[in-house]
Amino acid sequence: MKNHINTDYDLIIAGAGPAGLSAAIYAGRAGLNVLVLEKEAPGGKVIKTGEIENYPGFTNIQGPDLAMHFFEQANAMGAQFEFSGLKDFERTDIFNIELENGKNLTSKALIIATGTKENLLGVPGEIELYGKGVSYCAVCDGSFYKEMPVAVVGGGYSAIEESIFLTRFVSKVYLIHRSQKFRVDNKTLQKAQSNEKIEFILDSVVESIEGSDKVSSIKIKNTIENTKKELEVNAVFPFIGHYPVTNFVKQIQILDEEKHVVGDERMRTKIEGLFVAGDVRNTPFRQIATATADGALAGQNAVNYIESLD
């Protein structure tokens with residue numbers, strides 16, 4: 001490698017989800033000096049996921065356990081970690097990177113693997129009762145509601161899978177979805193439909209979350225019949241989609257209309273030395289397996305790029 005290029009790190013990876021950690025494993029194994037940035041816990045959304053059945057090599061594993069495997073392997077390959085988010089970056093002949101904790105670092109290449117954040121319902125009581133019954137992580141908080149009724153909102157994989165997970169603890173799950181159609185495979189949907197603890201409330205939306213110091217009920221509206229009712233629940237788990245974490249990206253030429261980072265088949269962006277991986281990318285499918293594949297490509301192509309600087 002071009003030793004006279006003086007940087008703090010060969011490669012900095014923003015995000016320690018499956019994509020970022022996979023990239024760190026490949027880059028670390030190639031001998032790069034790698035730093036991974038993460039302002040929360042390593043593992044990304046995997047640590048908030050319950051039972052995982054579709055990740056190759058594991059017929060059944062809990063999300064936090066899989067996340068720990070990723071983290072330990074990246075560590076074993078020499079990756080270093082800084083628990084801060086990425087605030088800004090600029091490319092000259094190198095990458096000048098500003099962290100949210102105030103540090104300024106330099107690297108020869110950068111991988112954006114910052115993932116996505118959950119969408120909010122945007123109803124009264126949601127913000128006020130966050131942490132008091134409103135939660136976006138069933139794995140984190142489900143056990144607090146043993147033998148209590150709860151509500152899950154959404155119609156995708158997260159909503160269905162987390163509803164199934166919650167039945168381990170709660171007395172009942174009201175699964176509220178705005179239509180009759182679900183964005184999941186039939187096997188997953190049928191598993192939820194056959195669970196006696198899950199009651200489907202369709203063509204309905206949440207209008208408000210009620211409670212003073214904790215969630216006590218929700219008010220919902222049937223959009224077809226135009227009727228309203230109130231359900232007594234002790235917790236609400238919204239799973240209604242997500243948005244890409246790209247608020248730090250000032251270079252709009254690398255973003256699509258929805259603010260995802262655009263990358264090619266080698267995870268390269270329009271900025272030389274800048275790569276992308278995982279859910280933050282403009283990808284048609286967002287799963288753990290695809291994120292790790294993205295990370296492998298981004299990590300190895302970052303290695304190739306840095307070696308080309310010779």
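The values are calculated or read from the model by the stated rules, or taken from the named source; none is laboratory data. Because the structure is predicted, anything quoted here is derived from the model rather than measured. Reconstructed Cβ throughout: ideal geometry from the backbone, glycine too, with neighbour counts over all protein chains shown. The protein model used for the area step is the full one, side chains on, heavy atoms only, and it has no ligands, DNA or RNA in it. Shrake-Rupley method; radii C 1.70, N 1.55, O 1.52, S 1.80 Å.
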**Report entry** Positive-end residue, the chain charge dipole about Cα centroid, Cβ charges, pick of 193, 269, 70
**Finding:** 193
Query raised in the report: Residue-wise, which Karplus ³J(HN,Hα) couplings in Hz belong to region 170-179, taking 6.51 cos²θ - 1.76 cosθ + 1.60, θ = phi - 60°, and x for glycine or proline?
Result: 7, 7, 7, 10, 8, 9, 9, 9, 6, 9
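Arrange the residues 217, 194 by how much accessible surface each exposes, largest first, with a 1.4 angstrom probe.
On the way: 217 5, 194 95 Å².
Largest accessible area first, the residues go 194, 217.
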Report task. Mind ranking 168, 286, 268, 178 by accessible surface for me, highest first, 1.4 Å probe? Result -> 178, 168, 268, 286
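Counting only protein heavy atoms and a 1.4 Å probe, tell me what percentage of region 144-256's accessible area is made up of carbon and sulfur. Can you show the working numbers first?
Values: 2800 of 5960 Å².
Within region 144-256, the accessible surface is 47 percent carbon and sulfur.
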**Report entry** Accessible area, probe 1.4 Å, largest first, for residues 45, 214
**Finding:** 214, 45
Query raised in the report: In a solvent-free Debye calculation with one equal scatterer on each Cα, what is log10 I(q)/I(0) for the chain at q = 0.08, 0.10, 0.11 Å⁻¹, listed in the order of the q values?
Result: -0.40, -0.60, -0.71
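Could you tell me what percent of the DSSP beta bridges with both partners in region 120-238 are antiparallel, to the nearest 5?
Working: 12 of 28 bridges.
Bridges in region 120-238 are about 45 percent antiparallel.
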Query raised in the report: Once amide H atoms are built 1.01 Å from N in the peptide plane, which residues 5 or more positions from residue 201, or in another chain, come under 5 Å H to H?
Result: 175, 176, 177
Query raised in the report: Could you give the nm distance between label points at residue 247 and residue 188, where each point is 7 Å from its Cα heading toward the beta carbon?
Result: 2.7 nm
Query - Lys, Arg +1 and Asp, Glu -1 on Cβ, resulting dipole of the chain about Cα centre, debye, nearest 20 - result: 360 debye
Query raised in the report: Using a 1.4 Å probe, how large is the accessible area of residue 58, given in Å² and rounded to the nearest 10?
Result: 70 Å²
**Report entry** Computed over region 120-238: relative contact order in percent, which uses C-alpha pairs under 8 Å that are six or more apart
**Finding:** 32 percent
Query raised in the report: Among 206, 248, 285, whose Cα lies farthest out toward the positive end of the dipole of the chain, if unit charges sit on the beta carbon of Lys, Arg (+1) and Asp, Glu (-1)?
Result: 206
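When all alpha-carbon pairs of region 120-238 are counted, what percent fall beyond 18 Å? Before the final figure, lay out the partial values.
Values: 3182 of 7021 pairs.
Cα-Cα pairs in region 120-238 separated by more than 18 Å: 45 percent.
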Query raised in the report: Can you give the accessible area of residue 68, probe radius 1.4 Å, in Å² rounded to 10?
Result: 90 Å²
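For the cross-link pairs 39/117; 87/250; 132/221; 146/214; 45/117; 45/219, which exceed 18 Å when the distance is taken from alpha carbon to alpha carbon? Could the numbers behind the result be given before it?
Numbers: 39/117 13 Å; 87/250 10 Å; 132/221 23 Å; 146/214 16 Å; 45/117 9 Å; 45/219 28 Å.
The answer is 132/221; 45/219.
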Report task. Rounded to the nearest Å, what's the spacing between the alpha carbon centres of region 76-134 and region 261-306? Just the number, please. Result -> 17 Å
